[in-house]
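Okay, structure first, notes after.
The values are calculated or read from the model by the stated rules, or taken from the named source; none is laboratory data. Bear in mind the structure is a predicted one, so any value in this text is a computation, not a measurement. For neighbour counting, all protein chains shown are included, and Cβ atoms are generated from backbone atoms with ideal geometry for every residue, glycine included. Quick note on the areas: whole protein, heavy atoms, side chains included, nothing else; ligands and nucleic acids left out. Shrake-Rupley method; radii C 1.70, N 1.55, O 1.52, S 1.80 Å.
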Amino acid sequence: MTSHLATATAPAGPAPGPRVHVLPATAPAPEFRLIGIDDLLNNRAVTGTHDLDSGRLNAWGNSFPAGELPAPGTVTEVAGVPFLWPRAHADGDNVRCEGQVVDVPPGRYDWIHLLAASERRSEDTLWAHYDDGHADPLRVGISDFLDGTPAFGELPAFRTARMHYPHHVQERLPTTMWLTRVGLPRRGTLRSLRLPRSVAMHVFALTLLTATDVRRAEEDPA
(Lines give C-alpha, C1' and ligand atoms only; values in the text may rest on other atoms or scores of the structure.)
Protein backbone atom coordinates (compact mmCIF):
# COMPACT_ATOMS: atom_id res chain seq x y z
CA MET A 1 0.00 0.00 0.00
CA THR A 2 1.32 3.43 -0.91
CA SER A 3 1.69 5.86 1.99
CA HIS A 4 0.73 9.51 1.54
CA LEU A 5 2.21 10.64 4.85
CA ALA A 6 4.86 13.36 4.74
CA THR A 7 8.48 12.32 5.21
CA ALA A 8 11.39 14.39 6.47
CA THR A 9 13.73 15.54 3.71
CA ALA A 10 16.83 17.70 3.92
CA PRO A 11 16.50 20.93 1.92
CA ALA A 12 18.38 20.88 -1.40
CA GLY A 13 20.59 23.90 -1.91
CA PRO A 14 20.50 27.32 -0.29
CA ALA A 15 17.18 28.89 0.62
CA PRO A 16 16.10 31.80 -1.62
CA GLY A 17 14.94 33.81 1.38
CA PRO A 18 14.39 33.66 5.13
CA ARG A 19 12.47 30.57 6.28
CA VAL A 20 11.96 29.43 2.65
CA HIS A 21 13.32 26.21 1.16
CA VAL A 22 12.90 25.00 -2.40
CA LEU A 23 12.42 21.28 -3.05
CA PRO A 24 11.76 19.53 -6.36
CA ALA A 25 8.14 18.46 -6.88
CA THR A 26 7.56 14.70 -6.84
CA ALA A 27 3.79 14.48 -7.29
CA PRO A 28 2.47 13.67 -10.79
CA ALA A 29 1.76 16.73 -12.89
CA PRO A 30 -1.86 17.88 -12.97
CA GLU A 31 -3.82 17.91 -16.21
CA PHE A 32 -6.60 19.99 -17.69
CA ARG A 33 -9.99 18.45 -18.46
CA LEU A 34 -12.04 20.56 -20.85
CA ILE A 35 -15.76 20.22 -20.16
CA GLY A 36 -18.24 20.55 -23.01
CA ILE A 37 -21.32 22.59 -22.16
CA ASP A 38 -23.05 22.61 -25.56
CA ASP A 39 -26.11 20.79 -24.22
CA LEU A 40 -26.67 23.56 -21.63
CA LEU A 41 -26.45 26.62 -23.89
CA ASN A 42 -29.51 28.77 -23.24
CA ASN A 43 -28.58 32.39 -23.99
CA ARG A 44 -27.24 34.49 -26.88
CA ALA A 45 -24.47 36.90 -25.88
CA VAL A 46 -22.33 36.79 -29.04
CA THR A 47 -23.58 38.22 -32.34
CA GLY A 48 -22.38 39.16 -35.79
CA THR A 49 -23.36 42.28 -37.68
CA HIS A 50 -26.09 40.27 -39.45
CA ASP A 51 -27.96 39.26 -36.27
CA LEU A 52 -27.41 42.11 -33.83
CA ASP A 53 -30.95 41.83 -32.48
CA SER A 54 -30.30 38.29 -31.19
CA GLY A 55 -28.16 39.48 -28.28
CA ARG A 56 -29.41 38.80 -24.76
CA LEU A 57 -26.39 39.49 -22.57
CA ASN A 58 -28.39 42.02 -20.60
CA ALA A 59 -31.81 43.65 -20.51
CA TRP A 60 -30.81 46.08 -23.28
CA GLY A 61 -29.94 43.33 -25.73
CA ASN A 62 -26.20 44.00 -25.82
CA SER A 63 -23.73 41.36 -26.97
CA PHE A 64 -20.07 40.63 -27.66
CA PRO A 65 -18.86 40.91 -31.27
CA ALA A 66 -18.32 37.40 -32.65
CA GLY A 67 -15.39 38.52 -34.78
CA GLU A 68 -13.31 39.27 -31.69
CA LEU A 69 -13.89 35.94 -29.96
CA PRO A 70 -12.82 32.33 -30.74
CA ALA A 71 -14.59 30.38 -33.46
CA PRO A 72 -17.26 27.92 -32.27
CA GLY A 73 -15.96 24.46 -31.41
CA THR A 74 -12.30 25.46 -31.19
CA VAL A 75 -9.85 25.05 -28.32
CA THR A 76 -8.56 28.38 -27.07
CA GLU A 77 -5.91 29.05 -24.42
CA VAL A 78 -6.10 31.89 -21.92
CA ALA A 79 -3.25 32.52 -19.48
CA GLY A 80 -2.05 28.95 -19.94
CA VAL A 81 -5.48 27.37 -19.40
CA PRO A 82 -7.11 25.62 -22.40
CA PHE A 83 -10.86 25.88 -22.96
CA LEU A 84 -13.30 24.32 -25.40
CA TRP A 85 -15.28 27.17 -26.95
CA PRO A 86 -18.93 26.11 -27.31
CA ARG A 87 -20.61 25.31 -30.61
CA ALA A 88 -23.15 28.11 -30.77
CA HIS A 89 -26.63 27.58 -32.18
CA ALA A 90 -29.66 29.77 -32.75
CA ASP A 91 -30.76 29.59 -29.10
CA GLY A 92 -27.46 29.85 -27.30
CA ASP A 93 -23.73 30.43 -27.16
CA ASN A 94 -23.37 30.54 -23.37
CA VAL A 95 -25.00 29.28 -20.20
CA ARG A 96 -26.99 31.88 -18.31
CA CYS A 97 -26.73 30.57 -14.78
CA GLU A 98 -30.02 29.17 -13.50
CA GLY A 99 -28.78 26.34 -11.29
CA GLN A 100 -27.91 23.94 -14.13
CA VAL A 101 -26.04 20.74 -13.28
CA VAL A 102 -22.78 20.15 -15.15
CA ASP A 103 -21.70 16.49 -15.08
CA VAL A 104 -17.92 16.03 -15.05
CA PRO A 105 -15.60 13.02 -15.40
CA PRO A 106 -15.37 11.60 -11.86
CA GLY A 107 -12.04 12.57 -10.38
CA ARG A 108 -10.09 14.63 -7.89
CA TYR A 109 -9.68 18.27 -8.86
CA ASP A 110 -8.02 21.37 -7.44
CA TRP A 111 -9.48 24.17 -9.58
CA ILE A 112 -12.51 25.13 -11.64
CA HIS A 113 -11.56 27.61 -14.38
CA LEU A 114 -14.30 29.61 -16.08
CA LEU A 115 -14.57 31.97 -19.01
CA ALA A 116 -17.46 34.13 -17.92
CA ALA A 117 -19.13 37.52 -18.00
CA SER A 118 -21.67 39.28 -15.87
CA GLU A 119 -24.28 41.94 -16.60
CA ARG A 120 -22.98 43.68 -13.50
CA ARG A 121 -20.59 42.70 -10.76
CA SER A 122 -22.04 39.47 -9.37
CA GLU A 123 -21.16 37.01 -6.63
CA ASP A 124 -23.05 33.81 -5.87
CA THR A 125 -22.70 30.15 -4.89
CA LEU A 126 -21.53 27.30 -7.08
CA TRP A 127 -22.04 23.79 -5.63
CA ALA A 128 -19.54 20.94 -5.94
CA HIS A 129 -21.10 17.45 -5.55
CA TYR A 130 -18.98 14.44 -4.57
CA ASP A 131 -19.51 10.70 -4.84
CA ASP A 132 -19.70 10.28 -1.04
CA GLY A 133 -22.72 12.58 -0.84
CA HIS A 134 -20.95 15.75 0.21
CA ALA A 135 -21.96 18.99 -1.48
CA ASP A 136 -19.69 21.99 -0.95
CA PRO A 137 -20.88 25.59 -1.48
CA LEU A 138 -18.19 27.60 -3.26
CA ARG A 139 -18.28 31.34 -3.81
CA VAL A 140 -17.68 32.60 -7.33
CA GLY A 141 -17.40 36.22 -8.39
CA ILE A 142 -17.66 37.57 -11.93
CA SER A 143 -17.00 41.21 -12.73
CA ASP A 144 -19.03 43.54 -14.92
CA PHE A 145 -18.48 42.96 -18.64
CA LEU A 146 -18.79 46.68 -19.37
CA ASP A 147 -16.91 48.26 -16.48
CA GLY A 148 -13.73 46.27 -17.18
CA THR A 149 -12.49 46.36 -13.57
CA PRO A 150 -11.57 42.99 -12.00
CA ALA A 151 -13.54 43.28 -8.76
CA PHE A 152 -12.71 39.70 -7.75
CA GLY A 153 -9.10 39.52 -8.93
CA GLU A 154 -9.90 37.82 -12.24
CA LEU A 155 -7.84 38.15 -15.40
CA PRO A 156 -9.29 39.63 -18.59
CA ALA A 157 -9.70 36.76 -21.05
CA PHE A 158 -10.93 38.86 -23.98
CA ARG A 159 -11.28 42.61 -24.38
CA THR A 160 -13.23 43.69 -27.41
CA ALA A 161 -12.91 47.06 -29.11
CA ARG A 162 -16.65 47.52 -29.59
CA MET A 163 -20.04 46.42 -28.25
CA HIS A 164 -23.10 45.30 -30.16
CA TYR A 165 -26.53 46.82 -29.64
CA PRO A 166 -29.73 45.39 -31.16
CA HIS A 167 -29.64 47.89 -34.03
CA HIS A 168 -26.07 49.17 -34.28
CA VAL A 169 -22.42 48.55 -33.47
CA GLN A 170 -20.98 50.94 -30.90
CA GLU A 171 -17.33 51.54 -31.72
CA ARG A 172 -14.79 52.41 -29.00
CA LEU A 173 -16.99 50.91 -26.29
CA PRO A 174 -14.91 47.98 -25.01
CA THR A 175 -16.27 44.90 -23.29
CA THR A 176 -14.52 42.28 -21.17
CA MET A 177 -14.93 38.55 -20.73
CA TRP A 178 -13.19 37.24 -17.62
CA LEU A 179 -11.02 34.29 -16.67
CA THR A 180 -11.93 33.35 -13.12
CA ARG A 181 -11.24 30.31 -10.98
CA VAL A 182 -12.72 28.59 -7.95
CA GLY A 183 -10.73 26.36 -5.62
CA LEU A 184 -11.84 22.84 -4.66
CA PRO A 185 -10.44 22.16 -1.18
CA ARG A 186 -12.09 18.78 -0.62
CA ARG A 187 -9.94 15.73 -1.46
CA GLY A 188 -12.79 13.65 -2.78
CA THR A 189 -14.12 12.41 -6.10
CA LEU A 190 -16.05 15.18 -7.81
CA ARG A 191 -19.11 14.08 -9.80
CA SER A 192 -20.89 17.27 -10.82
CA LEU A 193 -21.17 21.01 -10.43
CA ARG A 194 -24.31 23.03 -9.93
CA LEU A 195 -24.06 26.52 -11.40
CA PRO A 196 -25.27 29.52 -9.40
CA ARG A 197 -28.86 30.69 -9.59
CA SER A 198 -28.01 34.14 -10.89
CA VAL A 199 -29.18 35.10 -14.38
CA ALA A 200 -26.68 37.97 -14.41
CA MET A 201 -23.87 35.40 -14.71
CA HIS A 202 -22.94 33.92 -18.09
CA VAL A 203 -20.53 30.99 -18.52
CA PHE A 204 -18.91 30.46 -21.92
CA ALA A 205 -16.42 27.68 -21.14
CA LEU A 206 -15.33 25.50 -18.22
CA THR A 207 -12.09 23.61 -17.57
CA LEU A 208 -11.11 21.55 -14.54
CA LEU A 209 -7.55 21.12 -13.27
CA THR A 210 -6.86 17.75 -11.65
CA ALA A 211 -5.33 17.55 -8.20
CA THR A 212 -1.55 17.17 -8.13
CA ASP A 213 -1.84 13.76 -6.44
CA VAL A 214 -4.77 12.50 -8.53
CA ARG A 215 -2.98 9.61 -10.21
CA ARG A 216 -1.24 8.53 -7.04
CA ALA A 217 -4.53 8.59 -5.13
CA GLU A 218 -6.43 6.69 -7.83
CA GLU A 219 -3.76 3.99 -7.97
CA ASP A 220 -3.70 3.52 -4.21
CA PRO A 221 -5.64 0.29 -3.41
CA ALA A 222 -6.37 1.62 0.05
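In nm, to one decimal, how far is the modelled label at Trp111 from the one at Asp91, with both set 7 Å along Cα→Cβ?
Between Trp111 and Asp91, the label points sit 3.4 nm apart.
Using a Förster distance of 22 angstrom, determine the FRET efficiency expected from the C-beta separation of Asp147 and Phe32, and round it to 0.05.
0.15
Under 8 Å for C-alpha pairs, at least 6 residues apart: give me the relative contact order for the range 59-123, rounded to a whole percent.
17 percent.
Determine the calculated [θ] at 222 nm for the chain from helices alone, applying -39500 (n - 2.57) to every DSSP H run no shorter than 4 residues and normalising by the residue count; nearest 500 deg cm²/dmol.
-500 deg cm²/dmol
Using modelled amide H (1.01 Å from N, peptide plane; none on Pro or chain starts), what sits under 5 Å from the amide H of Leu184, excluding residues fewer than 5 places away?
Residues meeting the amide H criterion: Trp111, Ile112.
Would you work out what percent of the accessible area of the chain, with all protein chains in place, is carbon or sulfur (probe 1.4 Å)?
Details: 6100 of 11710 Å².
So the carbon and sulfur contribution to the accessible surface is 52 percent.
Computed FRET efficiency, Cβ-Cβ of Glu98 and Arg172, R0 30 Å: what is it to the nearest 0.05?
0.35
Expected output is a single nm value to one decimal: the length gained when fully extending between Thr49 and His21, i.e. 0.36 nm times separation in residues minus the C-alpha distance. What is it?
Full-extension gain reported as 4.5 nm.
Please list, in chain and number order, the residues 5+ apart from Thr47 or on another chain whose amide H is under 5 Å from its amide H, with Hs placed from the backbone.
The answer is Phe64, Ala66.
Taking a probe of 1.4 Å, how large is the accessible area per residue of the chain, in Å²?
53
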